[in-house]
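Working notes for the structure below.
Just so it is clear, none of the values below were taken in a lab; they were calculated from the coordinates. Bear in mind that the values here come from a model prediction, so they are computed numbers and not experimental data. Note: ideal-geometry Cβ built from the backbone for every residue, glycine included; neighbour counts use all protein chains shown.
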């Protein structure tokens, strides 16, 4: 965390940080630590400034970014450091399964032994039944993620996989396979945000955060009117486009929250990029590949770059930054001007949509 | 000692877990699995207790193989979504059957079963599960 934060501060050429916002999920459960705000300010030698931890399940990082964005927009502060951090490898696998079961309503599903993977699997089967889609189509998404991660030096899994290897990987919760889920990951990402008036140093390397919108939905997906429509995603996404005054067709890159393979089509269909039941077929036809019409998860997304919960939302935005300043190396998308990061809490009970625009 | 199962929240949930008593909105029909004083959908304050049907249709199901703490000894176990005639859905474990006996659309019925237990505090948690309809 300290490494990522210090590097972000150094690269930003901002001399004074006014506040710190930290996205994190598991600190009290895995590390017996609360008050991460003060702890981070101390570790960074920034004691004295306001610093707070934000939690919204695995949308925590994006939610922290939004708080920083709001504070700067209000004029109360001029600069902020946003950090996402998680160290899941300190926990046993069953502890991590237990923690993610808290993303749903514990007293309704957690006490019955439901896991996030099982809830995603229930959506998955329902999706395949309703739209008469085969698993091979959904399995395209992890393949794209690993393809993109294979050339990303910061990715957790820098190798390619095939549709066959996804479909032959062990069953986690049928129909969901192991290569359709994220693995336990550690990670930290940091960004420095500032108002236009506080922009110092190299202005060419600054990217505009054009809007950050958030929405919520019923926590448990089958309580929603239509479990296959992620209304929090639609609302946050549309609101962020309206605020940034851009059209959906102007977006060059989407970073989306593929904590389970099935979430990729659900997000792409809830944002209108694919028709209902068609996202997997679009993926198969190359639409969402790095060289396609709308590249997604250009460094491998949650599946292959990694999913350290509270850090994930900050990673997404940091990766869009790399794309928009042209520092994405082998993963560079040509002429990328506008990127959107879609971060979810659990199975889209929280959604945060961040629009980034090259200046 | 880590307290995994606490008495008060289980006591509070007993009507729902043992008898499927929910709070239904008089205005829009939305159900709440906890004692609600305002409807989560339409914000009406006209809510009343009602009991969910004991028979419904299976909308989706899967198997938990990697269990959370406290459920390791029960793996693999089946979980699913039951949809009742009015469209209300309920998440539940499925029991008294194997996964290959289940089909989307089949009728299932409610039963009371042990859900889990906490060896250290001696608590046993009971609740509803559903099984393929036999009555």
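Taken along the Cα-to-beta-carbon direction at a fixed 7 Å, the label points for residue A:276 and residue A:39 span 4.5 nm. Only DSSP H runs of four or more residues enter the estimate; each adds -39500 (n - 2.57), and after division by the residues of chain A the mean residue ellipticity at 222 nm equals -10500 deg cm²/dmol.
Give me A:334, A:258, A:252, A:223 ranked fewest to most by other Cβ atoms within 10 Å of their Cβ, as a rough exposure proxy. If you can, show how the numbers build up before the last one.
Working: A:334 7, A:258 29, A:252 19, A:223 23.
Fewest-to-most Cβ neighbours within 10 Å comes out as A:334, A:252, A:223, A:258.
With both residues required to sit in the stretch A:2-358, DSSP beta bridges show an antiparallel share near 70%.
Once label points are set 7 Å from the Cα along Cα→Cβ at both residue B:4 and residue B:49, what is their separation, rounded to one decimal in nm? Distance between label points: 3.1 nm. At an R0 of 60 angstrom, the distance between the Cβ atoms of residue A:167 and residue A:70 translates into a FRET efficiency of 0.85.
Order of A:60, A:12 from fewest to most other C-beta atoms within 10 Å?
Details: A:60 31, A:12 22.
In increasing order of surrounding Cβ atoms, one gets A:12, A:60.
Taking the stretch B:1-38 and a reference point 7 angstrom along Cα→Cβ of residue B:95, the backbone N atoms nearer than 18 Å belong to B:10-11, B:13-21.
Apply 1/(1 + (r/R0)^6) to the Cβ-Cβ distance of residue A:10 and residue A:337, taking R0 = 22 Å, and write down the FRET efficiency to the nearest 0.05. Efficiency for this residue pair is about 0.25. Per residue of chain B, the DSSP helices (runs of n ≥ 4 H) give a summed -39500 (n - 2.57) that works out to -2000 deg cm²/dmol at 222 nm.
Arranged from highest to lowest average of other beta-carbon atoms within 10 Å per residue, in what order do the peptides A:143-151, B:35-43 appear? Provide the component values of the computation, followed by the final result.
Values: A:143-151: 22.4, B:35-43: 14.1.
Result, highest mean first: A:143-151, B:35-43.
Counts of other chain beta carbons within 10 angstrom of each beta carbon in peptide B:114-125 average 1. Between the Cα long axis of helix A:309-324 and the first principal axis of chain A there is an angle of about 70°, rounded to the nearest 10. Each of B:11, B:34 has some number of other Cβ atoms within 10 Å of its Cβ, and from fewest to most they run B:11, B:34. If R0 equals 30 Å, the separation of the Cβ atoms of residue A:106 and residue A:239 corresponds to a calculated FRET efficiency of about 0.55. Measure out, as a whole number of angstrom, how far apart the alpha-carbon centroids of the stretch A:1-34 and the stretch A:136-158 sit. About 27 Å separates the Cα centre of the stretch A:1-34 from the one of the stretch A:136-158. Principal axis extents of the C-alpha atoms in the stretch A:2-358 (largest first, rounded to whole Å): 55, 45, 37. Helix A:60-74 and the longest principal axis of the C-alpha atoms of chain A enclose an angle of approximately 40°.
Evaluate peptide B:31-38: per residue, the Cβ atoms of other protein chains within 10 Å of its Cβ; return the mean as an integer.
Numbers: counts 1, 1, 6, 3, 0, 0, 0, 0.
If you average over the peptide's residues, the count of other-chain Cβ atoms is 1.
What does the extension gain come out to for residue B:123 and residue B:104, with contour length at 0.36 nm per residue minus their alpha carbon separation? The residue B:123-residue B:104 span can extend by a further 3.4 nm.
Inter-chain Cβ neighbour count for A:93-105, averaged per residue, equals 3 (cutoff 10 Å, partner chain atoms only).
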